[in-house]
Amino acid sequence: MSKRKVAFLSAAIVAVAGLGLAAATFHRGDDKVLRVANQKGQVKAMMLASGALEGAPYTVEWSEFPAAQPLLEAVGGGAADLGLAADAPFIFAYQSGSPVKAIAVQAPANQAPEALAILVKNGSPLRGPQDLVGKSVATTRGSIGHHLLLQTLERAKIPVDKVRVTFLPPGDAKAAFDSGSIDAWATWTPYTNVAIKEGARAVADAKDYGLPLYIDIAHADSIDPKRALLADFLKREAKAVAWARQHPDQFAQVLSKETGLPLDIARASFERSNRVSRPIDAGIVAHEQAITARFQKAGLITGPRDVRLAFDGSFGKGQE
């Protein structure tokens with residue numbers, strides 16, 4: 001692959017179209033506006049492709065982010081009412097004191113291992129988790145990639161301090177990976193899709209550790225004044241997800257246009273993150289408690305909050 005093509009792919013997956021953090025522009029009680037933080041290539045692309053927002057009696061103000069961490073900062077800071085992120089960054093933000101609540105959950109519809117992986121260059125001597133000892137691994141702090149790394153080290157009985165972890169946003173991590181300044185990269189789709197297409201391979205992936213849950217996360221103070229909007233949006237989002245499962249090629253075309261990703265990467269990215277709605281139950285809470293315990297064991301959080309209070313189940317089956 002040419003350097004020019006690689007540069008294009010890198011730019012495509014890390015582009016941020018307007019962070020939309022000017023919270024003063026909006027009023028949380030405005031029942032005509034729902035401010036939604038979107039991780040590029042996620043909810044917005046599905047909503048656009050499916051037409052799920054057609055006829056909505058309110059306006060959706062989108063803000064876009066390259067990863068869950070800045071998205072959660074926007075929701076937690078009150079610049080957005082709602083956002084979708086994976087389980088690890090959600091619970092990491094919650095345990096860091098963010099005023100966020102999970103109001104709906106989506107689980108993987110299939111097990112696609114390379115949707116989440118610790119990657120190395122094809123010519124790397126690293127072959128498995130034990131080879132990570134003493135090596136440098138880049139990931140985004142509190143991300144699903146970070147959690148996969150912790151799971152991998154835990155299962156291999158490798159102390160966290162035996163690996164040199166470098167916290168970088170996805171764009172910087174990809175640049176470091178491409179330049180060879182790090183030994184490995186713990187990341188997720190579509191970054192995994194692009195890197196593997198460019199010749200990377202996985203030393204650990206979701207095959208052995210499982211894919212993350214995805215969570216609709218609201219700012220706690222937005223739930224009551226915007227309850228009707230949030231409930232309606234969750235229903236439309238569920239319809240959009242179902243439409244994408246039934247029309248993967250059409251969705252991939254919109255996803256490609258929305259993100260700048262080549263069509264084959266967009267299609268692979270969707271196939272590796274396809275998901276369905278799941279009710280908030282004791283199993284979901286236990287799953288997040290396990291993630292909390294793992295972050296705490298690694299010294300990343302102290303004095304954890306009660307995980308049960310991170311969930312608002314009052315929306316019931318609104319996401320189905």
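Values quoted throughout were computed directly from the atomic coordinates according to the rules given, and no laboratory measurement underlies them. Remember, predicted model here, so these are calculated numbers, not experimental data. With ideal geometry, Cβ positions are generated from the backbone for all residues, glycine too; neighbour counts draw on all protein chains shown.
Summary table below
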read-out	value
Cα-centred dipole magnitude for region 167-320, charges only on beta-carbon of K, R (+1) and D, E (-1), debye, nearest 20	280
Among Arg155, Arg308, Arg236, residue whose mean-square fluctuation peaks in a GNM of the chain (springs only between Cα atoms under 10 Å)	Arg155
Distance (nanometres) between label positions extended 7 Å along Cα→Cβ at Thr166 and Ala286	4.0
Global form of region 113-209, assessed from the alpha-carbon gyration tensor, a/c cut-off 1.5	rounded
Inter-part distance where region 254-271 and region 177-247 are each reduced to a Cα centre, Å	14
Choice from Leu71, Leu309, Leu149 showing the highest fluctuation, given a GNM over the chain with Cα pairs closer than 10 Å	Leu309
Selected from Ala204, Ala37, Gly260, residue furthest toward positive end of dipole (the chain; charges at beta carbon)	Ala204
Net dipole in debye of the chain [+1 Lys, Arg Cβ; -1 Asp, Glu Cβ; about Cα centre; nearest 20]	680
Over the chain: helical MRE at 222 nm, DSSP H runs n ≥ 4 each giving -39500 (n - 2.57), nearest 500	-12000 deg cm²/dmol
Assigned charges on the beta-carbon of Lys, Arg, Asp, Glu; region 49-166 dipole about Cα centre (debye)	760
DSSP bridge orientation in the chain - percent antiparallel, rounded to nearest 5	60
Signed unit charges on C-beta, dipole axis of the chain, positive-most listed residue Gly134, Gln296, Trp185	Gly134
Gain upon complete extension [Arg127, Thr59; 0.36 nm per residue less C-alpha separation]	19.5 nm
Proportion of all alpha-carbon pairs of the chain beyond 24 Å (%)	51
Residues with amide H under 5 Å from that of Val276, placed H, sequence gap 5 or more	Ala107, Ala109
